[in-house]
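So the structure is just underneath, and the comments pick up after that.
The values are calculated or read from the model by the stated rules, or taken from the named source; none is laboratory data. Remember, it's a predicted structure, so these values are computed and weren't measured experimentally. In this analysis, Cβ positions are derived from the backbone assuming ideal geometry, glycine residues included, and neighbour counts consider all displayed protein chains.
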Amino acid sequence: MTEELIIQEIENNTGEYIQFLRDLIQTESYNPPGNEKNVALKIQQYLKDANIESDIFPFGDNRANLIATLKDDSKGKNLLFNGHMDVVPPGIEEEWKVPPLSATIKRKKIFGRGATDMKGGLAAMVITLKILKKLGVKLSGNLILNAVGDEETHGLLGTKWCVDNKLEAISIDFTLIGEPTNISPLPHAIMLGERGRVLVKVVTNGISAHAALSPLGRNAIYMMSKIIEKLDKLDEYMPHVEPPIKMERLKKLVGDSFVNQEIFNKFFDEQPRLQAIVDSLIKSTRVLTMISGGIKDNVVPDMCEAIIDFRLLAGQKVEEIINGFSQLIRNEVGFDVKDGPTGNPEDIFVYLEILSASEGSYWKDWEDSKDLQLLYKLISETYQKKPFYFLYPPSSDAHYLRNSGFCSQTIMFGPGNAFTAHSTNEYIEIQDFINSIKVYTLFAYHFLK
Ligand SMILES: [Zn+2]
C-alpha cells in the first residue's frame, strides 16, 4: 500500500463523498433540540455499506452518540477521531440565499447549515474509515470514530458522556477533532488549545417604588450599571494566569506559514480582525451580552438581570472567576452577594447563577510530538500551503479530552472557514473538504502503520 493508491482512491470517488456530505447537511440536526440520531443513522448506514460495524448510544428525545472502530488484532496505537453531529439552528431562514437544509452546490462550494461546523469534517472522518477498510490497509492499532451530539450545548451528553462511559478504558495516543480551522485569509491552523467559557446570570435586587417617589425605592437597573462600570477591574480579583502561548510567540507561529516574518508583520499590521483574535487568545475577557429590567414606565424597578460571557485562559478555574466577581461586587460596589433570592422584598443584594461552564485547555508538550510533525507535513503537501499552530478562539469539546488526563495530545484540524460557522449562508469549499479527506486518511495510515 502506498500514499499514491490512497490519493488515487480519493480522487476516483469525490462524487460519492460530496453526495455523502450533502446527505448529512440535508439531515436536520438543529440543536436545540438536537435530533442527532437522524445523522447517526445515516453514518451507521454508510459504514455498514462499507462493512464497518458501529454502535449508536441514544439519549433524550431522538438524540444519540455513535462509536465505530476499525480494529486490528495487534495491540498497537489508538487514534481517535471526534466530530459533532449537531448544528446550530439556521436563524431567520428568509435571510439565506438557499434553504439551509438544501446543501446547494454553487461556485465550487456547498451551502447549508453545518457545512463548515462541522458536517464537512465529520463526513471526512467517516469516509476515512471506509477508505482504509475498502483498500484493505493493514493497521497496527485502532482507528476509533466518535460522532457526538450536544456539542453546541456544552457537550456533557456528547463527548463527556462518551469519554466517561465508553472510551475510558481505552488508552488513546492521539485525538483529532474535525472542527473548521481555516481562519481566512490565513491558511489552515492546527489548534493546540482553546479558551474556556462561563456564562453567568447576574441578578440585582432593589426595592420597588412609584416613580414619582423614587427616593423610597432602590433602582435595580442603577445597581446593575454600577457593577458593569467595574467589570474591567475583575483581573485584580483573580489569581494571575499566564497565557499558554504569549503574544510574540503566537505571532511568530502564524508568521511561520508566511514566506518570512517581515512579510507577515506587514500583513498583520493591516488586519484588525486578526489582531483582535490574537489579542483575545492571550487574555481572560468578559462582556455583558444581555440585560433586562423594569416592569412599567412609572415604577422603580426592583430587579434587573444581565448575562455576562466570561472567557477563561487555559489553566483558569471556574471558581476563580465566580469568587473574583463576587469579591469585586462586594469591594468595589459594596453590595451583598448571596447564593440566590432571599424572598424578602426589603433586601438589597446581588446573586450570581452559573448558566454554563467549560474550562480552557492546552496541550503543553506539543513541540516534541512526532505525530504533530507528521500532520503538519501532510497538511502542507495536500494544501500546498504551510499550516500554522494556533489556539482556537471559541470553546469546544477538546477540554473534556485534554483536562481529564484522558488524552492531552488532542488537536483540532478540519475543513471549513471558521468565520462562516454559525452564520447565514454557511458554506464549505469542496476542494477543502476533499483535501481534509486526504489529510485524515494519510495521517491515520501513517499513524497506525
Ligand atoms: Zn463545531
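The set of residues in region 139-182 being touching a Phe, Trp or Tyr at 6+ places or on another chain (Cβ under 7 Å), within 15 Å of the ligand (Cβ to nearest atom) and of a type in the set (A, V, I, L, M, F, W, C) consists of Leu176 alone. Across region 404-414, the qualifying residues are those that are assigned to a loop (DSSP other than H, G, I, E, B) and either within 12 Å of the ligand (Cβ to nearest atom) or surrounded by fewer than 21 Cβ atoms within 10 Å (Cβ to Cβ) (or both), and the one among them that is nearest to the chain's Cα centre (by Cα) is Gly414.
Listed by position, the helices (runs of 4 or more DSSP H) inside region 242-306 whose residues that are touching a residue at least 24 places away in the same chain (Cβ under 8 Å) number at least 2 are 247-255, 272-281.
Contact annotation: residue pairs with Cβ atoms under 8 Å, 6 or more positions apart or on different chains, pairing a residue in region 57-77 that is within 15 Å of Ala444 (Cα to Cα) with a partner that is of a type in the set (Lys, Arg) and at pLDDT below 95, are Asp72/Lys138. So, in region 71-112, of the ones that are at pLDDT 95 or above, part of a loop (DSSP other than H, G, I, E, B) and touching a Leu at 6+ places or on another chain (Cβ under 7 Å), which residue ends up farthest from the ligand (Cβ to nearest atom)? Among them, the one singled out is Gly112.
Is it true that Ile144 is of a type in the set (A, V, I, L, M, F, W, C), assigned to a strand (DSSP E or B), assigned by TED's automatic domain parsing to the domain that holds Pro415 and surrounded by fewer than 16 Cβ atoms within 10 Å (Cβ to Cβ)? So Ile144 does not fit the description; no. Sort out which residues of region 307-332 are touching a residue at least 24 places away in the same chain (Cβ under 8 Å), surrounded by fewer than 18 Cβ atoms within 10 Å (Cβ to Cβ), closer than 30 Å to Tyr362 by Cβ and among the charged types (D, E, K, R), and write them in order of number. Once the filter is applied, which keeps residues that are touching a residue at least 24 places away in the same chain (Cβ under 8 Å), surrounded by fewer than 18 Cβ atoms within 10 Å (Cβ to Cβ), closer than 30 Å to Tyr362 by Cβ and among the charged types (D, E, K, R), region 307-332 yields Asp309, Lys317, Glu320. Looking across region 422-434 at every residue that is crowded, with 19+ Cβ neighbours inside 10 Å and either among the hydroxyl-bearing types (Ser, Thr, Tyr) or farther than 22 Å from Thr128 by Cα (or both), the one that is farthest from the ligand (Cβ to nearest atom) is identified as Tyr427.
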